[in-house]
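Let me begin by presenting the structure, written as structure tokens, before commenting on it.
The values are calculated or read from the model by the stated rules, or taken from the named source; none is laboratory data. Values in this document were obtained by computation on a predicted structure and should not be read as measured data. Cβ coordinates were reconstructed from backbone atoms using ideal geometry, including for glycine residues, and neighbour counts include every protein chain displayed. For the accessible areas, the whole protein counts, side chains as well, though only heavy atoms, and no ligand, DNA or RNA atoms are used. Shrake-Rupley method; radii C 1.70, N 1.55, O 1.52, S 1.80 Å.
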Amino acid sequence: MAIEYLAFLIPLLPALAFVITFFFGKKMYSGGALIPIGAIAISCIISILITINLLQNPEEVVHQSFHWFAILNLGILIDPLAGVMLCMVSFVSLLIHIYAVGYMSHDPAKPRYFAETALFTAAMLGVVLSDNILQLFICWELVGLCSYLLIGFWFQKPSAAAAAKKAFLTTRVGDVMFLTGIIILFSSIFTIYNGNLPEGVYVLQFNEIFKLIPELSAMHTTILGSEVSMLTIIALLFFGGAVGKSGQFPLHVWLPDAMEGPTTVSALIHAATMVTAGVYLVARTFPMFMGAPDALIVVAYVGGFTALFASTMGIVMNDIKRVLAFSTISQLGYMMLGLGMGAVVGMEAVGVSMFHLINHAFFKALLFLCAGSVIHSVGTQDMRQMGGVGKVMPITFITMLVASLALAGFGIPGTQIGTSGFFSKDAIIETTYLFGEHTGNYIPYIFGIVAALLTSIYIFRLLFMTFTGKPRTDYGGHESPSSMTGPLSILAVLALFFGALTQTKFYHFLEGTFENSFVHVNIEHLAELGNYHLVHGHHGEPLLILWMPIIVGVAGLLISFLIYYLNVVDMSKIVSRNNVVFKLLYNRYYQHQIFIEIISLHLTYGLSLVGEFIDRKIIDGIIDGISDGTIAIGEIIRKVQTGVVQSYATAVIAGVGLLIILLKLIVEVQ
Amino acid sequence: MIPLTYYLILSSIVFSIGLYGIMSQRNGVRLLMSVELMLNSANINLVAFSSYNDDMSGQVFTLFSIALAAAEAVIGFAILLSIFRMRDMINIDDINILRW
Amino acid sequence: MISKAINGAVALLFLAVVALAVVTTTWITVDELPQNLADQSNIEAIGVQIFTQFVIPFEVLSLVLLGALIGAVYIAKSEVEK
Amino acid sequence: MMTVDIAGIGELIMFAVVSILTIVFSILVVTAKDIVRAALSLIVALVSVAGIYVLLNAQFIGMVQILIYVGAIGVLILFAVMLTTQELKGGSDD
């Protein structure tokens, strides 16, 4: 099939669209929106065609590579993992772009918006397509840059500019870890080859890296007195990068603030592009995690904790977009948790996690676009001022309801009936139960199930507060134009049925990611290296466990219904400034204060002061001393340079005289 | 007859005086006068060698040199005059546009 | 005054060096100054030399003088703004 | 040989007189306080140099020296001194 040869166009077309829209967008219809839309549509079609080919023949992955310099290459790799990501990214991005035509119609800076989102998409597609870790990192950084540009899209607002900076700097922490991981990986590979890198081998290409996993695993280094495998360090540093990009626990702080950008950007960041990059990175280097002892356990704990932690905060937020932001963090935590479960289920973890990623992309994009639709029409983001929006915006309401059901994971276990979130999220929770069953450690399961309950509560709280009841303020409001509701409907259909249609096929498809013509990895063998005990054939969970997620989901729905629809409990009494729990949650566990005041103001500032002292007084002192000394000497010496030719003449004559004497002396000596 | 060395010593003395003038004088006119002295010392050398070697070309060169000295003096004074017109002084110290 | 003393010292140094060189060198000279009784002033000899052997330097010198003339006139004449 | 000696001594005396004149007036050129006096000293020094040329059996050069140096350049210098009037008023040059 010739379509494979067009694979390079997938990231290239949106990048080209970026250039065209950025420079010539002003004169075109709707700020040149049609160019990115067209480009991404073509990318999407190519991606889907390639993925269909892959589906029929999963062994034959698309791999093209050409020499870049020395031992590095640029290449394209489309295996099942990349294929589904490509389809998802380009498709969701396409829908968001179409939606943005309506949403951004009043913004004067449309060309910039569409150019930047096109570049964002291109960068993300580049991340997905890369066949080596360095190229992936380059695109990764490009994604970070675009997120900065887009979060700060309304840079006239100080809060937007600050949020953009925060996002950029926070993800940068992760990026530095990622880069450190790459560097350590590279130097380790160098050590393995004893400095003699074989000819014609691109060492940072994934297949080469995976080939060396046993050797990397055998290398050890001592950290804080305990011996750690080099592979674990590298894997955890990679995971650090993923933590930054995917907003996992310590570095999640940027994600809620990223709401400062246009809602479409939020949708793009939260659903299709940026945050999934971290999950994708872990999935992409999954064999490394498999081979690294303890790495997957760390991933699971961080993911599980994030899922729970973020969902508790989601309950009390009043800003509609912020609720969704915390929901994103929580769902990303689920994905990481799912990947961490590779410790018991091996490659199936990638399948489950990526399946959730794809489903999440659909329903989260839908949620955001619905929220955007509401904001567009109501003109506020505060849910306390909404209420009864469902009457004026029926399509939005229905699609939002579908998305909420998908997020909460409603469905009937044991059948093929259910929303997409049901199949993916519940699969993750079941896997955590399996993990508990085999290791006796039920903490990930508890994280998962409690987070599921909270998820259900906050999303239906949002739904009831926004769409039902009576309008709390006079906001007017109208249904959004068809360019906005169209994508909403498509996404709603996908959110509703995608899971049910593809579930088992999807797992099966992705399990073959690392066994094909490009790379062949023996997961069983790697699991032995990593000290994980894989479990096979696990379809005997108790009925209660199968029903548990749906039970907590319904429980969450009922709680929300009682509190926010029927008002059986007066929330205004609970939601007071005196309630410790509420205060804790509303202030987001004071993490802002912790980050700003303790870490930033005291720790970092103190360190900075020390650094400043060293820099300014000692290092600058040396430098300034040298320069001051030079200047002082120059001041003295320049007196000689009077600019009076006579002085020069005097000097010349004196020099000549002395030289002659000197010569005379030397000649006489000889 | 007087040894050639005497003339050469005389020439070098005059040259040194001119040199001292060039180095120490701050007045443009005096500078030029010092230059004239140095040129003359060179001329003495030329003529002395010419006579003591019975070779006319030294004297011919002296003629050339005198002509050149005249030209140099004319140009030099023209420049001085121009500077004087511009600045109302010819103190070399104050003509410092070459200075750092 | 210090600068003048330095200048004087330098000039004396130069003089010393040159004088030393002059004194210590053995100069090849004719025994007796030539006495052309017919033409004491050597005008004819000089004239012959100028217009035979040194005719090109002579012509060049005339050009130099012309240039100097024009240059001097130009420099001295032009009104420079104060 | 005595005559030769006498002639030689006379020549030597002549040389001594002329060279001392040259040196003294040269020194005056660079040391005289009044610039006009310096210029006049220069003229005298140039005339003495012409005398040295005559002593060297180069009468024509001596003539040219007087004509050009003393006649032309001397006058030029005097003119220059007069045209740069500040010096005349100031008298001293450093």
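The residues of the range C:10-26 occluded by other protein chains by 10 Å² or more of accessible area, set against the chain on its own, are C:Val10, C:Ala11, C:Leu13, C:Phe14, C:Leu15, C:Val17, C:Val18, C:Ala19, C:Leu20, C:Val22, C:Val23, C:Thr24; surface from heavy atoms, 1.4 Å probe. Annotation: lysines with alpha-carbon distance below 17 angstrom to D:Lys33 (same-chain offsets under eight excluded): C:Lys4, D:Lys89.
Net charge in the neighbourhood of A:Thr285 (other residues with Cβ under 14 Å of its Cβ; Lys, Arg +1, Asp, Glu -1) is 0. Helices meeting the span-like rule in chain A (full DSSP H runs, Cα extent of at least 18 Å along the helix axis, mean Kyte-Doolittle score of 1.6 or higher): A:9-24, A:34-56, A:80-103, A:133-151, A:230-246, A:295-314, A:394-408, A:443-467, A:543-560, A:645-669. The order of A:Thr650, B:Thr5, A:Thr604 by accessible area, most exposed first and with a 1.4 Å probe, is A:Thr604, B:Thr5, A:Thr650.
Which one, A:Pro481, A:Tyr334, A:Gly418, projects farthest toward the positive side of the charge dipole computed for chain A from Cβ point charges (K/R +1, D/E -1)? Among A:Pro481, A:Tyr334, A:Gly418, the one farthest towards the positive end of the dipole of chain A is A:Pro481.
Per residue, the accessible area of the protein assembly as shown comes to 43 Å², computed with a 1.4 Å probe over protein heavy atoms only. Label point 7 Å out from B:Asp55 along Cα-to-Cβ: which residues of the range C:50-71 have amide N under 19 Å? Answer for this model: C:50-58. What is the distance in Å between the Cα centroid of the range D:1-70 and that of the range A:413-435? Comparing the Cα centres of the range D:1-70 and the range A:413-435, I get a distance of 123 Å. Here chain A has 70 percent of its accessible surface on carbon and sulfur atoms, given a 1.4 Å probe and all protein chains in place. Ranking of A:His376, A:His508 by solvent-accessible surface, largest first: A:His508, A:His376 (1.4 Å probe, protein heavy atoms only, all chains present). Legend: residues A:Thr312, A:Thr328, A:Thr221, sorted from most to least accessible area (1.4 Å probe; ligands, DNA and RNA excluded), read A:Thr221, A:Thr312, A:Thr328. With contributions of -39500 (n - 2.57) from each DSSP H run of at least four residues, the per-residue ellipticity at 222 nm computed over the protein assembly as shown stands at -23000 deg cm²/dmol. With a threshold of 32 Å on the Cα-Cα distance, the over-threshold entries among A:Lys165/A:Lys364; A:Lys245/A:Lys470; A:Lys165/A:Lys470; A:Lys639/C:Lys77; A:Lys157/A:Lys245 are A:Lys245/A:Lys470; A:Lys165/A:Lys470; A:Lys639/C:Lys77.
Computed from the C-beta positions of A:Leu197 and A:Ile666 and an R0 of 56 Å, the FRET efficiency is 0.45 to the nearest 0.05. When chains B and D come together, the accessible area they lose, probed at 1.4 Å and totalled over both chains, is close to 3600 Å². The length gained by stretching the chain between A:Phe23 and A:His106 to full extension, at 0.36 nm per residue less their Cα-Cα distance, is 27.9 nm. To the nearest ten degrees, helix B:28-52 and the longest principal axis of the Cα atoms of chain B are 10 degrees apart.
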